[in-house]
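Here's the structure we're looking at; comments come further down.
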Amino acid sequence: MLPRTCRGATELFGNTLVVLGLICFVVSELTNYWQQGPLGHAGLWSVCKKAQPISNCSDIGWDLTDENDKLVIVARILHLVGAVIVAISLICGAVSAGCNAARDQCATTQGALYITSGLIVATATAVYGASTFGPTAFTDGSLTDLNRIINNIDPSNYGYSMWLSWAAAGTFLLSGVAMVFIPCCCAFRDELEQ
């Protein structure tokens, strides 16, 4: 009984993780609490300051020449690339649901795309984290100040949006591993039937 349900359970597990990952991803993308502190909060799209009661948020543009916003823009671009890859994977999954013959190959492709997306979203989140060190943290080409930077990291300065992005990356990775595992379930079943 177990080998027959292995494929279905693995596919259900993988797709459930993708749904959870998408929820985390969309919330992290649309909310503005990647970084927070007593003076305000910031995200991929804008910076909000508590000291200004009227129109307290200012948009972060697409100007890659601005040293203060360069890493945030790179993180935003990577985050959006991750979203496109997840969308392609979901389309692949929808197509594979209609054709049983190549479903295992499509599940493997879908899993590889989820893994790729998870790595890209994790990279985007790490790049945003690096942006909080300031534009001069790594400009001299050495890492002599790295110890000081690491010792000054306070996790409470990062808001729920950033933590949800990490969660999305992790669920995409786990889902990808599950989806890549699906053909193994079928091979296991075929071996038991012989």
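Read-outs: derived from the displayed coordinates by stated rules, not from any lab. If you're wondering where the values come from, they're calculated on a predicted model, not measured in any experiment. Don't worry about glycine lacking a Cβ; one is built from the backbone with ideal geometry, like all the others, and counts go over all protein chains shown.
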Simple spin-label estimate for L12 and L39 in nanometres, 7 Å along Cα-Cβ
5.2
For D154, D69, what ranking results if the residue with the fewest other Cβ atoms within 10 Å of its Cβ goes first?
D154, D69
Size of charge dipole - segment 21-118 - debye, nearest 20, with Cβ of Lys, Arg +1 and Asp, Glu -1, no other charges
220
